[in-house]
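Enquirer: Here it is, the structure, as structure tokens.
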Amino acid sequence: MSLFALHVGLTVAWSTGLARDDLESMLFAQGWAWGYDPEQPPLYNWLEMALFELTGPSLAGAILLRWGIIGVGLLALYDAVRRIAGGDAALAAGAVAGMAGTALFGFEGARHFTHTTLLLTTTALVLWTAVRVVERPSAAGYLAVGGALALALLSKYTMAVFALGLLAGALADPATRARLWDRRVLMAGVVPLLALPGHLLWRLGQDVSLSDRVATITDTGADPGAGAAFLGLLSDVVADPLAAMAPPLVLMAVLVPWWRPRGAPTDGPRWDRVLTVYVLIAMALTLAIVLASGGDRLRYHYLMPAAMVLPAIPLLWTRARGLAVAPWRRRSLGWALAALAVLVSLATVIDRVWIEPRHCDRCLALLPAERAADVVEQAGFTDGTIVAATLDWGANLRPAFPEVRMIARHYPDWRPPRPPGDGACLILLSRAETEALRAGALDTAPIRATLARMLDATPPADWLDRAETRDLPLTRAPDRTVPFGFVLLPDGLGSCR
């Protein structure tokens, strides 16, 4: 809990700009809809929309929402493993500390993700509710499993793969398999049947199919050949998650006496077997889907829901086999796993405080959002519509202008539910466009064409003559600046007003 509080406090106190995935969520949190982005389900956007309805859009709200979701996931995973381990709180704490003691979860996973973060938490909730049903089956318990599954499916489309993996894992042990043959398991489908149709109907109306999207994100554009593609994907799907979780797994391999003869086994389901099958099936299905789509790569975070249970598996295996672990080994392993989590947290502090201000490229967390808002306000913008290029500046301006309508050239077909008003039109330029404008090398034709299609009006020929540019110093690094450029049209332009 202390390390969790450290991460939250550091992120809130040190950030002046939104994280990468929070940019998109800030744009979409302008109204309620069954869907926002064909690539992602809407649950995260609904949660942020609900929060902003109460508090208004804010950087702190976006940060606390993400970290609140992480906190719920940690508690759910901890209690699930504790129940599996017969109430062994130390074993559960070791499993969670092992996960947090990796760069994948303790550094990358804690900084950037929104939908993936929600997927991890809802997957932990599915596991937690499933464990409770296995402990004590009831109609309410099966409904809870269905509710958690519905939340997970509304978090990220890839949950379908992990749901099938969990189902296969449950079939691998007699005790968990028996719960699947219980007639009350049909109640687990009630909540998904009620919660999913609205979004699914919206998704069916989109132009981009999920199979096309999978092909887009898994294809590098090269043609490595079938054999090389398979080997590369095998590395991405199997080797990379194992390598990412290597620090806690290596510690367990060294300190847990796995070589000793089997002792008196513990009673109850073999959850180590269930989770092992879950991981293997999730990897196999992912590999098959990517190969079938013609892809040859997989991004590192797509298998995080499988990787997060890897530290728990050897600990549960040791308990299930009844291996006698000397007290000094348990203490040493506990302290070592805790030290890993502390080291990753300290590395995060060092990176955020010293390394990032000096060497960051996009520098999202250090963008001077308040200074940018002051600049456009001094130029005369207070109400109307913002047209963002990329979301780096646009999404970060929303907290300063909560009643302003925002659209983005990055999402040319998306519109907020609220219709245009009668205010001004603020057209933001990207950093690259601002620098090209200064150098006299900006190609305005693509920008004008996009704006004309989005706004139902073509910008005037001299629109860029009204452009203003600034070099704003980065927060925490005042010796470094970031270009900020915009065009303010006080009388609006088409639907931008």
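The values are calculated or read from the model by the stated rules, or taken from the named source; none is laboratory data. Please read all numbers here as calculations on a predicted model, not as lab measurements. Counting neighbours? That spans all protein chains shown, and the Cβs are built from the backbone with ideal geometry, glycine included. We work out accessible area using only protein heavy atoms, side chains counted, and drop any ligands, DNA or RNA first. Shrake-Rupley method; radii C 1.70, N 1.55, O 1.52, S 1.80 Å.
Enquirer: Residue 100: without any contact (Cβ under 8 Å) to a residue 60 or more places away in the chain and either buried (at least 24 other Cβ atoms within 10 Å of the Cβ) or at positive phi (or both), yes or no? If you could, list the steps in order and put the result at the bottom.
Expert: On the way: without any contact (Cβ under 8 Å) to a residue 60 or more places away in the chain: no; either buried (at least 24 other Cβ atoms within 10 Å of the Cβ) or at positive phi (or both): yes.
No; evaluated as a whole, the condition is false for this residue.
Enquirer: All but one of (1) surrounded by 15 or more Cβ atoms within 10 Å (Cβ to Cβ); (2) free of Cβ contacts under 8 Å to residues at least 24 places away in the same chain; (3) among the charged types (D, E, K, R) hold for residue 361, so report the exception by its number.
Expert: For residue 361, the failing item is (1).
Enquirer: Hey, can you tell me all the residues within region 257-304 that are aliphatic (A, V, I, L, M), under 26 Å from residue 126 (Cβ atoms) and surrounded by fewer than 15 Cβ atoms within 10 Å (Cβ to Cβ)?
Expert: Residues of region 257-304 aliphatic (A, V, I, L, M): 264, 274-275, 277, 279-285, 287-292, 298, 303-304.
Next cut, under 26 Å from residue 126 (Cβ atoms) only: 274-275, 277, 279-285, 287-290, 292, 298, 303-304.
Matches in region 257-304: 288, 292.
Okay, residues lined up against (1) open to solvent by 10 Å² or more (accessible area, probe 1.4 Å); (2) more than 14 Å from residue 29 (Cβ to Cβ); (3) not basic (Lys, Arg):
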{"residue": "387", "(1), (2), (3)": "no, yes, yes"}
{"residue": "395", "(1), (2), (3)": "no, no, yes"}
{"residue": "398", "(1), (2), (3)": "yes, no, no"}
{"residue": "408", "(1), (2), (3)": "no, no, yes"}
{"residue": "418", "(1), (2), (3)": "yes, no, no"}
{"residue": "421", "(1), (2), (3)": "yes, yes, yes"}
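Enquirer: Taking the condition closer than 21 Å to residue 391 by Cβ and open to solvent by 70 Å² or more (accessible area, probe 1.4 Å), does residue 435 pass?
Expert: Values: closer than 21 Å to residue 391 by Cβ: yes; open to solvent by 70 Å² or more (accessible area, probe 1.4 Å): yes.
Answer is yes for this residue.
Enquirer: Give all pairs with beta carbons closer than 8 Å in which a residue from region 70-95 that is open to solvent by less than 30 Å² (accessible area, probe 1.4 Å) meets a residue that is among the basic types (Lys, Arg); count only pairs at least 6 apart in sequence or on separate chains.
Expert: Within 8 Å, the pairs are 85/319; 91/82; 91/319; 92/82.
Enquirer: Also: Return the residues of region 459-497 that are within 15 Å of residue 364 (Cα to Cα) and in contact with an Asp or Glu (Cβ under 7 Å, 6 or more places away or on another chain); say none if nothing qualifies.
Expert: Filtering region 459-497 for residues within 15 Å of residue 364 (Cα to Cα) gives 472-478, 480-484.
Selection gives 481, 483.
Enquirer: State whether one or more residues within region 75-85 are more than 19 Å from residue 299 (Cβ to Cβ), under 20 Å from the mean Cα position of the chain (by Cα) and small (Gly, Ala, Ser).
Expert: Checked against the condition, which is being more than 19 Å from residue 299 (Cβ to Cβ), under 20 Å from the mean Cα position of the chain (by Cα) and small (Gly, Ala, Ser), region 75-85 yields at least one hit.
Enquirer: Being aliphatic (A, V, I, L, M) and open to solvent by less than 30 Å² (accessible area, probe 1.4 Å) is the filter; apply it to region 55-64 and report the residue that is farthest from residue 90 (Cα to Cα). Walk me through how you get there before you give the answer.
Expert: Residues of region 55-64 aliphatic (A, V, I, L, M): 59-60, 62-64.
Next, from what is left, pick out any that are open to solvent by less than 30 Å² (accessible area, probe 1.4 Å): 62-63.
Details: 62: 33, 63: 30 Å.
This residue is 62.
Enquirer: Further question on the same structure: For region 5-19, which positions are open to solvent by 30 Å² or more (accessible area, probe 1.4 Å), of a type outside the set (A, V, I, L, M), in contact with a Ser or Thr (Cβ under 9 Å, 6 or more places away or on another chain) and not in a loop (DSSP other than H, G, I, E, B)?
Expert: Answer for region 5-19, where residues must be open to solvent by 30 Å² or more (accessible area, probe 1.4 Å), of a type outside the set (A, V, I, L, M), in contact with a Ser or Thr (Cβ under 9 Å, 6 or more places away or on another chain) and not in a loop (DSSP other than H, G, I, E, B): just 14.
Enquirer: Could we say that residue 460 is modelled with pLDDT under 95 and either among the charged types (D, E, K, R) or under 33 Å from the mean Cα position of the chain (by Cα) (or both) here? Let's see the steps before the verdict.
Expert: Values: modelled with pLDDT under 95: yes; either among the charged types (D, E, K, R) or under 33 Å from the mean Cα position of the chain (by Cα) (or both): no.
Considered against the rule, which asks whether it is modelled with pLDDT under 95 and either among the charged types (D, E, K, R) or under 33 Å from the mean Cα position of the chain (by Cα) (or both), residue 460 comes out as no.
Enquirer: Which of the residues that make up region 220-245 are at pLDDT below 85 and either at positive phi or open to solvent by 70 Å² or more (accessible area, probe 1.4 Å) (or both)?
Expert: 220, 221, 223, 225, 226, 230
Enquirer: In region 460-493, what residues are touching a residue at least 60 places away in the same chain (Cβ under 8 Å), over 14 Å from residue 371 (Cα atoms) and not in a strand (DSSP E or B)?
Expert: 490, 491, 492 - these are the residues of region 460-493 that are touching a residue at least 60 places away in the same chain (Cβ under 8 Å), over 14 Å from residue 371 (Cα atoms) and not in a strand (DSSP E or B).
Enquirer: Same structure, new question: Does region 92-145 hold any residues that are in contact with a Leu (Cβ under 9 Å, 6 or more places away or on another chain), under 30 Å from residue 236 (Cβ atoms) and aromatic (Phe, Trp, Tyr), and which are they?
Expert: Answer for region 92-145, where residues must be in contact with a Leu (Cβ under 9 Å, 6 or more places away or on another chain), under 30 Å from residue 236 (Cβ atoms) and aromatic (Phe, Trp, Tyr): 105, 113, 128.
Enquirer: So, one more: Just to be sure, is residue 315 assigned to a helix (DSSP H, G or I), touching a residue at least 40 places away in the same chain (Cβ under 8 Å) and open to solvent by 30 Å² or more (accessible area, probe 1.4 Å)?
Expert: It is false that residue 315 is assigned to a helix (DSSP H, G or I), touching a residue at least 40 places away in the same chain (Cβ under 8 Å) and open to solvent by 30 Å² or more (accessible area, probe 1.4 Å).
Enquirer: Quick one: residue 288 ticks every box in (1) without any contact (Cβ under 8 Å) to a residue 60 or more places away in the chain; (2) part of a helix (DSSP H, G or I); (3) closer than 27 Å to residue 322 by Cβ except a single one, so which number is it?
Expert: Tallying (1) without any contact (Cβ under 8 Å) to a residue 60 or more places away in the chain; (2) part of a helix (DSSP H, G or I); (3) closer than 27 Å to residue 322 by Cβ, residue 288 fails exactly one: (3).
Enquirer: Which ones in region 442-459 are in contact with a helix residue (DSSP H, G or I) (Cβ under 9 Å, 6 or more places away or on another chain) and part of a loop (DSSP other than H, G, I, E, B)?
Expert: 442, 443, 444, 457, 458, 459
Enquirer: Are any of the residues in region 216-224 part of a loop (DSSP other than H, G, I, E, B), of a type in the set (Ser, Thr, Tyr), touching a residue at least 24 places away in the same chain (Cβ under 8 Å) and out of contact with any helix residue (DSSP H, G or I) (no Cβ under 6 Å at 6 or more places or on another chain)? Step through it out loud before you land on a result.
Expert: First, pick out the residues of region 216-224 that are part of a loop (DSSP other than H, G, I, E, B): 219-224.
Then drop every residue that is not of a type in the set (Ser, Thr, Tyr), which leaves 220.
This time we only want the ones that are touching a residue at least 24 places away in the same chain (Cβ under 8 Å), so: 220.
Keeping just the survivors that are out of contact with any helix residue (DSSP H, G or I) (no Cβ under 6 Å at 6 or more places or on another chain) gives 220.
The answer is yes; a qualifying residue exists.
Enquirer: Could you say whether any residue in region 467-481 is in contact with a helix residue (DSSP H, G or I) (Cβ under 6 Å, 6 or more places away or on another chain) and open to solvent by 70 Å² or more (accessible area, probe 1.4 Å)?
Expert: Yes, that holds for at least one residue.
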